[in-house]
Amino acid sequence: MRILRQNSITLLTSDTWDDINDRRLLAAYKEHYSYKSVLALCFSSAAETYHHWKVFAPGAGGICVVFNKDQLIESLPENGFRHGLVRYYKVEELEHDRPGIDKIPFSKRIAYSDEKEYRFLFVESEHHLRYKDVPIPRSAINRILVNPWLPEPLFAEVKCAIQSIPDYASLQVSQSRVTDGPAWRRLADELNEL
């Protein structure tokens, strides 16, 4: 909701990321260039999957904000920002196809390839920062997808709350059907009638 209320995205340190390899690589990148801060925000370029909901928003909480990538990139200030697709490496590839230091923030193990990650990076040479807010235009947000396990009455309340935020009354807000799709429901109904 903060993204919508503040019309901004927030880049954070990688200190608490689950992927220790990723944390180490960003720390090495930071050390190499003597940056005081390296902040990141990670997006998925992949279509919605069950895996994404279970990993990034388990239980009944969480939403997926679907961004207009071009608008989001255009909103980035020029100084200190980089962005790009993450490349996924097999361990054995690192022996002969090691990423250069400037590719390190956009490199991960192949085990994470389902994410199809697109990453924003901000570096700062003078100040230790824990986060950086970046204003974005309303046009950078296409729609909201709500967790598939949220009960229907609560979904209705979430949708109402989102659409009550100024400038978001017409935003498309729907509930994920990854676990209960209408086409699959019809198929099951048809099979039950046989």
#### Entry: Test result for Tyr88, part of a helix (DSSP H, G or I), touching a strand residue (DSSP E or B) at 6+ places or on another chain (Cβ under 9 Å), of a type in the set (Phe, Trp, Tyr) and more than 27 Å from Tyr168 (Cβ to Cβ)
no
### Task
Starting from residues that are of a type in the set (A, V, I, L, M, F, W, C) and loosely packed, with under 11 Cβ neighbours inside 10 Å, keep the ones in the stretch 178-194 and report whichever is nearest to Asn7 (Cα to Cα).
Ala183
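Can you find, within the stretch 37-55, the residue that is nearest to Val146 (Cα to Cα) among those that are touching a Ser or Thr at 6+ places or on another chain (Cβ under 8 Å) and outside any loop (DSSP other than H, G, I, E, B)?
Just the residues of the stretch 37-55 that are touching a Ser or Thr at 6+ places or on another chain (Cβ under 8 Å), to begin with: 37-41, 48, 50, 52-53.
So of that shortlist, the ones also outside any loop (DSSP other than H, G, I, E, B) come out as 37-41, 50, 52-53.
Details: Ser37: 33, Val38: 30, Leu39: 27, Ala40: 24, Leu41: 20, Tyr50: 13, His52: 12, Trp53: 10 Å.
By that ranking, first place goes to Trp53.
Per-residue answers, yes or no, for (1) over 20 Å from Glu124 (Cβ atoms); (2) not in a loop (DSSP other than H, G, I, E, B):
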position: Asp22; (1), (2): no, yes
position: Ala28; (1), (2): no, yes
position: Tyr35; (1), (2): no, no
position: Pro77; (1), (2): no, no
position: Glu93; (1), (2): yes, yes
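Just to be sure, is Ala161 under 28 Å from Ser14 (Cβ atoms), small (Gly, Ala, Ser) and within 22 Å of the chain's Cα centre (by Cα)?
Numbers: under 28 Å from Ser14 (Cβ atoms): no; small (Gly, Ala, Ser): yes; within 22 Å of the chain's Cα centre (by Cα): yes.
Taking the combined requirement at face value, the residue does not satisfy it.
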### Of residues in the stretch 97-125 being in a strand (DSSP E or B) and hydrophobic (A, V, I, L, M, F, W, C), the one surrounded by the most Cβ atoms within 10 Å (Cβ to Cβ)
Phe122
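Among the residues of the stretch 77-91, which ones are farther than 23 Å from Asn21 by Cα and out of contact with any Phe, Trp or Tyr (no Cβ under 7 Å at 6 or more places or on another chain)? Let's see the steps before the verdict.
Taking the stretch 77-91 and keeping what is farther than 23 Å from Asn21 by Cα, we get 77-80.
If the condition is that a residue be farther than 23 Å from Asn21 by Cα and out of contact with any Phe, Trp or Tyr (no Cβ under 7 Å at 6 or more places or on another chain), then Pro77, Glu78, Asn79 are the ones that fit.
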### Task
Filter the stretch 7-24 down to residues that are more than 19 Å from Gly80 (Cβ to Cβ) and touching a residue at least 60 places away in the same chain (Cβ under 8 Å), then give me how many there are.
4
### Task
Identify the residue in the stretch 26-62 that is at pLDDT below 95 and among the hydrophobic types (A, V, I, L, M, F, W, C) and, among all such residues, is nearest to Ile101 (Cα to Cα).
Ala46
### Task
Go over the candidates Arg109, Arg98 one by one and state the one that is under 19 Å from Arg24 (Cα atoms), among the charged types (D, E, K, R) and in contact (Cβ under 8 Å) with a residue 24 or more places away in the chain.
Arg109
#### Entry: In the stretch 28-48, the residues that are surrounded by 14 or more Cβ atoms within 10 Å (Cβ to Cβ) and polar (S, T, N, Q)
Ser37, Ser44
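The values are calculated or read from the model by the stated rules, or taken from the named source; none is laboratory data. Since we're looking at a predicted model, the values are computed, not measured. Don't worry about glycine lacking a Cβ; one is built from the backbone with ideal geometry, like all the others, and counts go over all protein chains shown.
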